[in-house]
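Structure first, then comments.
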Amino acid sequence: MKKTFILVTSFVFSLGLLSANEVSFKPVFSKLKFTLPVAAVVPPDDTGRLFLVEQGGRILILPEDRIGGDSVEVFLDFTGRDMIAHAFEEGLLGLVFHPDFKKNRKFYVYYSLQHPKRTILSEMEVFTDKPNRANLSTERKLLEIPQPFWNHNSGNMTFGPDGMLYLAVGDGGKRDDVRRSAQNPFMFNGKVLRLDVNARSKGLQYGIPPDNPFVGKEGMRGEIWALGLRNPWGMDYDHKTGVFWLADVGQDLREEVNHIRKGANYGWSFREADLKFVKRGDSPPKDAVFEEPVAVYGRPEGVSITGGIVYYGKRHSKLKGHFLYGDWGTGHVWAVGYDAKRKKVAKDRMIFRNNEKGNPKKFLFKPSVFVSAPDGETLVFSWTGGAFEMVN
């Protein structure tokens, strides 16, 4: 059964006297109810609206007033669809707006459906005369991906500076990559796909960019941009540096952050982040080259990574250009920097240790969403229903 959580506190949880924390988090949107937030997006139309995706099937437009706002607008409602058999990882999972949304009113959603299990990437439009309402009759299904199990669907999406849509797809579920899909170049599972939504290739509802790395190669899907991923959860394409950041959830030992590159292989399930995955007995092909993660953490620091946004706000000068991410299980938050001139990654560091001495036990913080708010500052939405703003 799904539960709705109500955030009632307005206290700022700040550990300013404790050197471990560089930042603190202030509860916001305290008068609102959220159920299982999984994504948040600011559209590229200069309206400053903030859209929140609830896994159960709704997309909400949040009030501009983060403190006193007490109502939301329902932008889209899929709750009547047969999306969920297991509420933990199925449902409405992703949202992104077209770069020319201001003109064409197009946006994209990614969600699961049952009987048979599959995930769907759809294009839709907003009503011309109702800018806060999705026109469900305009839905155009671009892609359907068969899903063998209920988990590891992923669904993170972003548009790159090249105007292409990048879609992350999990390995299909269960444990141990039992179907060996992440390394299979003819399956979409365990991959980042790169699609041209402004074109249509023969027999498809989207275009396959001709410069994708596996176009024209036998036994390989041309849509694939990168492979060897388990369950990506949170990514951000830094348009200032050109770095494509992605957080990938581990299984037993490691959580990882990657720089996604054209044609790169990130190792799963031959590897779990920077370690050999011991539950896989066979060896990788002799010519296999695996990309190293740019940041990792293990147990007990966390159990499931949540990415992530590149910070360019005004409050935290030392964090500018850093990729911020957290852990769904422990609530800790990290930052990893990047030197654009030297093209090198700086060492990652924990900037907020959740439930450290001094935090009230009632402070529930299970980050499932990071987003850059319209003012450039960082908001974090918790799986348990709360919303928080990163402050000094």
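Of all residues in the stretch 77-113, those that are surrounded by fewer than 15 Cβ atoms within 10 Å (Cβ to Cβ) and of a type outside the set (Lys, Arg) total 8. The set of residues in the stretch 44-65 that are part of a loop (DSSP other than H, G, I, E, B) and buried (at least 21 other Cβ atoms within 10 Å of the Cβ) contains only 55. Regarding residue 375, is this residue of a type outside the set (Lys, Arg), open to solvent by 40 Å² or more (accessible area, probe 1.4 Å) and either at pLDDT 95 or above or touching a Cys at 6+ places or on another chain (Cβ under 6 Å) (or both)? When the stated conditions are applied, residue 375 passes them.
Remark: pairs (first residue in the stretch 126-139, at pLDDT 95 or above; second residue open to solvent by 60 Å² or more (accessible area, probe 1.4 Å) and outside any loop (DSSP other than H, G, I, E, B); Cβ separation under 7 Å; 6+ apart in sequence or on different chains) = 132/73.
Residues in the stretch 307-339 that are outside any strand (DSSP E or B) and open to solvent by 20 Å² or more (accessible area, probe 1.4 Å): 312, 314, 315, 317, 318, 320, 322, 328, 329, 330. Within the stretch 284-299, is even one residue of a type outside the set (Ser, Thr, Tyr), open to solvent by 20 Å² or more (accessible area, probe 1.4 Å), under 20 Å from residue 242 (Cβ atoms) and not in a loop (DSSP other than H, G, I, E, B)? The answer is no, given that none of the residues of the stretch 284-299 is of a type outside the set (Ser, Thr, Tyr), open to solvent by 20 Å² or more (accessible area, probe 1.4 Å), under 20 Å from residue 242 (Cβ atoms) and not in a loop (DSSP other than H, G, I, E, B). Among the residues of the stretch 127-148, just one is closer than 13 Å to residue 59 by Cβ, assigned to a strand (DSSP E or B) and out of contact with any strand residue (DSSP E or B) (no Cβ under 6 Å at 6 or more places or on another chain), namely 136.
Please go through the stretch 224-262 and pick out each residue that is part of a loop (DSSP other than H, G, I, E, B) and open to solvent by 30 Å² or more (accessible area, probe 1.4 Å).
239, 240, 241, 242, 252, 253, 261, 262
Within the option set 74, 38, being modelled with pLDDT of 95 or more, assigned to a strand (DSSP E or B), over 25 Å from residue 205 (Cα atoms) and open to solvent by 40 Å² or more (accessible area, probe 1.4 Å) holds for one residue only, 74.
Say whether the condition of being under 30 Å from residue 277 (Cβ atoms) and polar (S, T, N, Q) is met by at least one residue in the stretch 314-329. Scanning the stretch 314-329, I find no residue that is under 30 Å from residue 277 (Cβ atoms) and polar (S, T, N, Q), so the answer is no. Just to verify a result, which residue in the stretch 148-164, among those that are crowded, with 23+ Cβ neighbours inside 10 Å and closer than 16 Å to residue 109 by Cβ, is farthest from the chain's Cα centre (by Cα)? Going through the qualifying residues, I end up with 153.
Annotation note: Cβ proximity below 6 Å between a residue of the stretch 190-215 that is touching a residue at least 24 places away in the same chain (Cβ under 8 Å) and a residue that is exposed (fewer than 15 other Cβ atoms within 10 Å of the Cβ) and among the small types (Gly, Ala, Ser) (sequence gap 6+ or interchain) occurs for 213/263.
Pairing residues of the stretch 91-110 that are within 17 Å of residue 52 (Cα to Cα) and at pLDDT 95 or above with residues that are assigned to a strand (DSSP E or B) and of a type in the set (Lys, Arg), at Cβ distances under 6 Å and at least 6 apart in sequence or on separate chains, gives 98/106. Go through (1) within 14 Å of residue 223 (Cα to Cα); (2) out of contact with any Lys or Arg (no Cβ under 8 Å at 6 or more places or on another chain); (3) outside any strand (DSSP E or B); (4) not hydroxyl-bearing (Ser, Thr, Tyr) one by one and return the number of the condition residue 174 breaks. If we test residue 174 against (1) within 14 Å of residue 223 (Cα to Cα); (2) out of contact with any Lys or Arg (no Cβ under 8 Å at 6 or more places or on another chain); (3) outside any strand (DSSP E or B); (4) not hydroxyl-bearing (Ser, Thr, Tyr), just (1) comes out false. Just one of (1) modelled with pLDDT under 95; (2) among the hydroxyl-bearing types (Ser, Thr, Tyr); (3) surrounded by 18 or more Cβ atoms within 10 Å (Cβ to Cβ) fails for residue 10. It is (3).
Within the stretch 269-282, does at least one residue satisfy the condition of being open to solvent by 40 Å² or more (accessible area, probe 1.4 Å), without any contact (Cβ under 8 Å) to a residue 12 or more places away in the chain and in a strand (DSSP E or B)? I'd like the intermediate steps shown before the answer.
Filtering the stretch 269-282 down to residues open to solvent by 40 Å² or more (accessible area, probe 1.4 Å) leaves 274-276, 278-279, 281-282.
Add one more test, that the residue is without any contact (Cβ under 8 Å) to a residue 12 or more places away in the chain, and what stays is 276, 278, 281-282.
Cutting the leftovers down to in a strand (DSSP E or B) gives us 276.
Yes, the stretch 269-282 has at least one match.
Selection of the stretch 128-147 for residues being buried (at least 21 other Cβ atoms within 10 Å of the Cβ) and over 21 Å from residue 89 (Cβ atoms) yields only 134.
The values are calculated or read from the model by the stated rules, or taken from the named source; none is laboratory data. The model shown is predicted, which means the values in this text are computed figures rather than measured ones. Every residue, glycine among them, receives a Cβ derived from its backbone with ideal geometry; neighbour counts consider all protein chains shown. When the accessible area is computed, the model is the full protein with side chains, heavy atoms only, and any ligands, DNA or RNA have been set aside. Shrake-Rupley method; radii C 1.70, N 1.55, O 1.52, S 1.80 Å.
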